[in-house]
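Step one of this worksheet: look at the structure below.
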Amino acid sequence: MSGRPQLRTVVADTSALVSLAIPLADAAVDTDIAPDPLGFLLTSCDVSIPPEVVAELRDIAQYQDIHAIAASNVLAARNHYTVEDPYTRDDTPDTRPTFGLDDGETDEIVLANALDVDGFLTDEFGGTNFPLIHAVLHGPRIVPTPRLISDYARTGHMTCAEARTPITAISPHRSWDNSPYVSQFNQRLEE
(Lines give C-alpha, C1' and ligand atoms only; values in the text may rest on other atoms or scores of the structure.)
Protein backbone atom coordinates (compact mmCIF):
# COMPACT_ATOMS: atom_id res chain seq x y z
CA MET A 1 0.00 0.00 0.00
CA SER A 2 1.19 3.52 -0.65
CA GLY A 3 3.96 2.27 -2.94
CA ARG A 4 4.45 -0.88 -0.92
CA PRO A 5 3.21 -4.33 -1.83
CA GLN A 6 -0.43 -4.88 -0.90
CA LEU A 7 -1.06 -6.62 2.38
CA ARG A 8 -2.15 -10.18 1.77
CA THR A 9 -1.31 -11.73 5.16
CA VAL A 10 -1.37 -10.08 8.57
CA VAL A 11 -1.27 -10.83 12.24
CA ALA A 12 -3.50 -8.36 14.05
CA ASP A 13 -3.36 -7.27 17.65
CA THR A 14 -6.36 -6.94 19.93
CA SER A 15 -6.43 -3.16 20.03
CA ALA A 16 -6.24 -2.83 16.24
CA LEU A 17 -9.12 -5.25 15.74
CA VAL A 18 -11.23 -3.40 18.30
CA SER A 19 -10.41 -0.06 16.69
CA LEU A 20 -11.37 -1.30 13.23
CA ALA A 21 -14.69 -2.59 14.62
CA ILE A 22 -15.64 0.70 16.33
CA PRO A 23 -17.22 2.46 13.31
CA LEU A 24 -19.94 -0.18 13.03
CA ALA A 25 -20.34 -0.33 16.81
CA ASP A 26 -20.84 3.43 17.16
CA ALA A 27 -24.52 4.36 17.04
CA ALA A 28 -23.54 7.86 15.87
CA VAL A 29 -22.05 6.49 12.64
CA ASP A 30 -24.40 5.93 9.70
CA THR A 31 -23.54 2.30 8.98
CA ASP A 32 -25.48 2.39 5.71
CA ILE A 33 -22.86 4.67 4.15
CA ALA A 34 -19.81 4.37 6.43
CA PRO A 35 -17.08 2.00 5.29
CA ASP A 36 -16.41 -1.08 7.39
CA PRO A 37 -12.63 -1.21 7.86
CA LEU A 38 -12.77 -4.45 9.87
CA GLY A 39 -14.86 -6.14 7.20
CA PHE A 40 -12.52 -4.93 4.50
CA LEU A 41 -9.46 -6.23 6.38
CA LEU A 42 -11.05 -9.62 6.99
CA THR A 43 -12.10 -10.03 3.36
CA SER A 44 -8.96 -8.66 1.71
CA CYS A 45 -6.29 -10.36 3.83
CA ASP A 46 -5.58 -13.65 5.48
CA VAL A 47 -5.70 -12.57 9.12
CA SER A 48 -4.20 -14.66 11.89
CA ILE A 49 -4.32 -14.14 15.64
CA PRO A 50 -3.08 -16.15 18.62
CA PRO A 51 -5.50 -17.57 21.24
CA GLU A 52 -4.44 -14.84 23.69
CA VAL A 53 -6.09 -12.25 21.43
CA VAL A 54 -9.34 -14.21 21.54
CA ALA A 55 -9.10 -14.26 25.34
CA GLU A 56 -8.46 -10.50 25.41
CA LEU A 57 -11.42 -9.88 23.08
CA ARG A 58 -13.65 -11.98 25.34
CA ASP A 59 -12.49 -9.98 28.36
CA ILE A 60 -13.27 -6.69 26.60
CA ALA A 61 -16.66 -7.99 25.42
CA GLN A 62 -17.80 -8.39 29.04
CA TYR A 63 -18.00 -4.63 29.57
CA GLN A 64 -20.92 -2.37 28.68
CA ASP A 65 -19.31 0.13 26.31
CA ILE A 66 -18.45 0.65 22.68
CA HIS A 67 -15.25 -1.36 23.05
CA ALA A 68 -17.33 -4.34 24.22
CA ILE A 69 -19.61 -4.06 21.19
CA ALA A 70 -16.59 -3.79 18.90
CA ALA A 71 -14.87 -6.79 20.53
CA SER A 72 -18.10 -8.81 20.23
CA ASN A 73 -18.26 -7.93 16.54
CA VAL A 74 -14.70 -9.17 16.04
CA LEU A 75 -15.55 -12.40 17.87
CA ALA A 76 -18.68 -12.80 15.73
CA ALA A 77 -16.51 -12.61 12.59
CA ARG A 78 -14.60 -15.73 13.71
CA ASN A 79 -15.03 -17.46 10.34
CA HIS A 80 -12.94 -14.74 8.71
CA TYR A 81 -9.66 -15.13 10.61
CA THR A 82 -7.44 -17.97 11.77
CA VAL A 83 -6.60 -18.58 15.42
CA GLU A 84 -3.24 -20.30 15.80
CA ASP A 85 -1.18 -21.00 18.90
CA PRO A 86 2.34 -19.89 18.04
CA TYR A 87 3.91 -22.21 20.62
CA THR A 88 2.66 -25.43 19.04
CA ARG A 89 4.71 -24.82 15.89
CA ASP A 90 8.08 -26.46 15.23
CA ASP A 91 9.64 -23.13 14.22
CA THR A 92 8.84 -21.21 17.44
CA PRO A 93 9.94 -21.42 21.06
CA ASP A 94 7.95 -23.77 23.30
CA THR A 95 7.27 -21.00 25.80
CA ARG A 96 6.52 -17.30 25.63
CA PRO A 97 9.69 -15.18 25.29
CA THR A 98 10.20 -12.07 27.38
CA PHE A 99 10.07 -9.00 25.15
CA GLY A 100 8.84 -6.50 27.72
CA LEU A 101 5.37 -6.51 26.14
CA ASP A 102 2.08 -7.95 27.33
CA ASP A 103 1.27 -11.60 26.60
CA GLY A 104 -1.00 -10.82 23.66
CA GLU A 105 1.54 -8.62 21.89
CA THR A 106 4.31 -11.14 22.55
CA ASP A 107 2.24 -14.01 21.14
CA GLU A 108 1.25 -11.89 18.13
CA ILE A 109 4.90 -11.13 17.36
CA VAL A 110 5.97 -14.77 17.70
CA LEU A 111 3.12 -15.78 15.38
CA ALA A 112 3.86 -12.99 12.87
CA ASN A 113 7.52 -13.96 12.72
CA ALA A 114 6.72 -17.67 12.34
CA LEU A 115 4.12 -17.14 9.60
CA ASP A 116 6.32 -14.58 7.80
CA VAL A 117 3.27 -12.41 7.17
CA ASP A 118 3.30 -9.17 5.21
CA GLY A 119 2.20 -7.00 8.11
CA PHE A 120 1.74 -6.72 11.83
CA LEU A 121 -1.43 -4.67 12.40
CA THR A 122 -1.34 -2.69 15.63
CA ASP A 123 -2.62 0.38 17.42
CA GLU A 124 0.85 0.93 18.84
CA PHE A 125 2.16 4.05 17.14
CA GLY A 126 3.39 6.03 20.10
CA GLY A 127 4.85 5.38 23.47
CA THR A 128 7.41 2.77 24.37
CA ASN A 129 5.86 -0.35 22.83
CA PHE A 130 6.36 0.70 19.19
CA PRO A 131 10.17 0.51 19.31
CA LEU A 132 10.01 -2.80 21.20
CA ILE A 133 7.68 -4.27 18.59
CA HIS A 134 9.92 -2.95 15.82
CA ALA A 135 12.97 -4.52 17.45
CA VAL A 136 11.52 -8.03 17.75
CA LEU A 137 9.67 -8.33 14.43
CA HIS A 138 11.91 -10.16 11.97
CA GLY A 139 10.19 -9.54 8.67
CA PRO A 140 6.66 -8.22 8.81
CA ARG A 141 6.23 -4.49 8.52
CA ILE A 142 4.40 -2.67 11.27
CA VAL A 143 1.08 -1.33 10.04
CA PRO A 144 -0.59 1.01 12.54
CA THR A 145 -4.37 1.11 12.23
CA PRO A 146 -4.62 4.76 11.03
CA ARG A 147 -2.08 4.00 8.29
CA LEU A 148 -4.07 0.95 7.17
CA ILE A 149 -7.23 3.04 6.79
CA SER A 150 -5.32 5.82 5.02
CA ASP A 151 -3.72 3.28 2.68
CA TYR A 152 -7.16 1.96 1.77
CA ALA A 153 -7.89 5.45 0.43
CA ARG A 154 -4.53 5.76 -1.33
CA THR A 155 -5.04 2.43 -3.12
CA GLY A 156 -8.59 3.25 -4.21
CA HIS A 157 -10.44 0.81 -1.96
CA MET A 158 -12.28 3.77 -0.47
CA THR A 159 -12.29 7.49 -1.09
CA CYS A 160 -10.41 9.92 1.13
CA ALA A 161 -13.73 11.14 2.54
CA GLU A 162 -14.75 7.54 3.28
CA ALA A 163 -11.42 6.92 5.03
CA ARG A 164 -11.87 9.99 7.22
CA THR A 165 -15.18 8.60 8.51
CA PRO A 166 -13.73 5.59 10.38
CA ILE A 167 -10.74 7.58 11.61
CA THR A 168 -13.11 10.25 12.95
CA ALA A 169 -15.35 7.58 14.53
CA ILE A 170 -12.45 5.72 16.12
CA SER A 171 -10.53 8.76 17.39
CA PRO A 172 -12.54 9.75 20.49
CA HIS A 173 -12.88 6.13 21.63
CA ARG A 174 -9.22 5.23 21.25
CA SER A 175 -7.60 8.50 22.39
CA TRP A 176 -6.51 9.41 18.87
CA ASP A 177 -7.94 12.94 18.99
CA ASN A 178 -4.69 14.62 20.02
CA SER A 179 -2.31 12.25 18.28
CA PRO A 180 0.13 13.97 15.90
CA TYR A 181 0.48 10.63 14.10
CA VAL A 182 -3.25 10.42 13.35
CA SER A 183 -3.33 14.13 12.47
CA GLN A 184 -0.76 13.53 9.74
CA PHE A 185 -2.95 10.90 8.11
CA ASN A 186 -6.02 13.14 8.36
CA GLN A 187 -4.07 15.92 6.64
CA ARG A 188 -3.01 13.55 3.84
CA LEU A 189 -6.63 12.49 3.38
CA GLU A 190 -7.64 16.15 2.97
CA GLU A 191 -5.04 16.86 0.27
Scan region 18-40 and give yes if some residue there is assigned to a strand (DSSP E or B) and modelled with pLDDT of 95 or more, otherwise no.
no
Out of all the residues in region 13-50, which are in contact with a helix residue (DSSP H, G or I) (Cβ under 8 Å, 6 or more places away or on another chain), surrounded by fewer than 16 Cβ atoms within 10 Å (Cβ to Cβ) and closer than 27 Å to Ile109 by Cβ?
Thr43
Got a number for residues in region 88-114 being touching a strand residue (DSSP E or B) at 6+ places or on another chain (Cβ under 6 Å) and not charged (D, E, K, R)?
2
Among the residues of region 81-98, is there at least one that is among the β-branched types (Val, Ile, Thr) and within 14 Å of the chain's Cα centre (by Cα)?
no
Would you please list the contacts, defined by Cβ atoms under 6 Å and residues six or more apart or on different chains, that run from a residue in region 5-31 that is among the polar types (S, T, N, Q) to a residue that is surrounded by fewer than 24 Cβ atoms within 10 Å (Cβ to Cβ) and not in a helix (DSSP H, G or I)?
Thr9/Asp46; Thr9/Asp118; Ser15/Asp123; Ser19/Asp123; Ser19/Arg174
Of everything in region 8-67, what is among the small types (Gly, Ala, Ser) and in contact with a strand residue (DSSP E or B) (Cβ under 9 Å, 6 or more places away or on another chain)? Give them in sequence order.
Ala12, Ser15, Ala16, Ser48
Quick check, is Gly139 in a loop (DSSP other than H, G, I, E, B) and more than 22 Å from Pro51 (Cβ to Cβ)?
yes
Would you pick out the residues in region 116-126 that are more than 14 Å from the chain's Cα centre (by Cα) and under 12 Å from Glu105 (Cβ atoms)?
none
Kindly indicate which of Gly126, Gly139, Gly100 is under 22 Å from Ser171 (Cβ atoms), surrounded by fewer than 15 Cβ atoms within 10 Å (Cβ to Cβ), touching a residue at least 24 places away in the same chain (Cβ under 8 Å) and out of contact with any Cys (no Cβ under 9 Å at 6 or more places or on another chain).
Gly126
Scan region 165-191 residue by residue and report those that are over 16 Å from Ile66 (Cβ atoms) and either β-branched (Val, Ile, Thr) or at pLDDT 90 or above (or both).
Val182
Residue within region 86-95 that is in contact with a Gly (Cβ under 9 Å, 6 or more places away or on another chain) and not in a helix (DSSP H, G or I) present:
no
Test: Asp59 is among the acidic types (Asp, Glu), more than 22 Å from Asp36 (Cα to Cα), over 16 Å from the mean Cα position of the chain (by Cα) and part of a loop (DSSP other than H, G, I, E, B):
no
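Here is a yes/no grid of residues against (1) in a helix (DSSP H, G or I); (2) surrounded by fewer than 21 Cβ atoms within 10 Å (Cβ to Cβ):
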position: Val110; (1), (2): yes, no
position: Ala135; (1), (2): yes, yes
position: Ile149; (1), (2): yes, no
position: Ala153; (1), (2): yes, no
position: Thr168; (1), (2): yes, yes
position: His173; (1), (2): no, yes
Looking only at region 51-74, which residues are acidic (Asp, Glu) and crowded, with 19+ Cβ neighbours inside 10 Å?
Glu52, Glu56
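The values are calculated or read from the model by the stated rules, or taken from the named source; none is laboratory data. The shown structure was predicted, so the numbers you read here are calculated from the model rather than taken from an experiment. When we count neighbours, we look across all protein chains shown, and the Cβ atoms used for this are built from the backbone with ideal geometry, even at glycine.
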